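Report on the following structure.
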Amino acid sequence: MTRRVWLSSIALSTGCGYHVGGKADLLPKSVKTIAVSNFTNLTARYKLPDRLTTAVTREFISRTRYQIIPDATQADAVLTGAIVNYTAFPTIFDANTGRAAGVTVQLVMQLTLTERATGKVLYTRPNFDIRERYEVSVDQAQYFEESEQALDRLSRDVARSLVSAVLSSF
């Protein structure tokens, strides 16, 4: 009995070496505040930069220790970005009507996190590509435009991926 307790305590104390993903923070200790600048929109999609900026700000606030401030001249680091491409294309067609039943939205962004005092680039991703799929009702009586909800989901996905990538310098 004591041998079993002893082996159990050794197994528990040594651990397995695994840790929860997304908990790393490889930014310099000097960075305590981050300004998330409004993303530049190089596409024709209306209000997309506002959604993305808001989602990224919320994600930084909820998942990190950093204080998010609006003034880039007062921040330790500044996140800038541009929406380079927005594409929505049908991926599934209804066999009876030939109309689109599924649409995929693809977003391509350029992102950079820069330490303001030194100008050092802490994170850059010149070709950040993310996609979101949504369904379209083929019955006109039941039709409900889903693209706005898809853009909300896409914005949250961008925010989650971006904050994880910044924290792990991936």
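From the Cα gyration tensor of region 20-168, with a ≥ b ≥ c the square roots of its eigenvalues, which class applies: rounded if a/c is under 1.5, or else prolate if a/b is larger than b/c, or else oblate?
Cα axes put region 20-168 in the prolate bin.
If you stretched the chain out fully between Ile130 and Thr87, how much longer would it get, using 0.36 nm times the residue separation minus the C-alpha to C-alpha distance?
Here the segment from Ile130 to Thr87 would lengthen by 14.4 nm.
Would you work out the charge dipole size for region 20-168 about its Cα centre, treating the Cβ of every Lys and Arg as +1 and the Cβ of every Asp and Glu as -1, and quote it to the nearest 20 debye? The partial results should precede the final answer.
Details: 18 positive and 16 negative charges, 137 e Å.
That gives region 20-168 a dipole magnitude of about 660 debye.
Name all residues of region 100-124 having a backbone nitrogen under 16 Å from the label point set 7 Å from the Cα of Thr33 along its Cα→Cβ direction, giving them as ranges.
Residues 114-118 fall inside that zone.
Please arrange Thr87, Thr64 by counting, for each residue, the other beta carbons lying within 10 Å of its beta carbon, fewest first.
Starting with the residue having the fewest Cβ neighbours, the order is Thr87, Thr64.
Would you mind ranking Ile92, Ile68 so that the residue whose beta carbon has the fewest other beta carbons within 10 Å leads the list?
Ile92, Ile68
Given 0.36 nm per residue, what is the gain on full extension from Arg63 to Val121 after removing their alpha carbon distance, in nm?
18.7 nm
Order these by the 10 Å Cβ neighbour count, fewest first: Phe60, Phe93, Phe128.
Working: Phe60 21, Phe93 13, Phe128 18.
With the fewest neighbours first, Phe60, Phe93, Phe128 line up as Phe93, Phe128, Phe60.
We did not get these values from a lab; they are worked out from the coordinates using the rules stated. Since this is a predicted model, take the numbers as computed values, not measurements. Neighbour counts run over all protein chains shown; Cβ positions are idealised from the backbone, glycine included.
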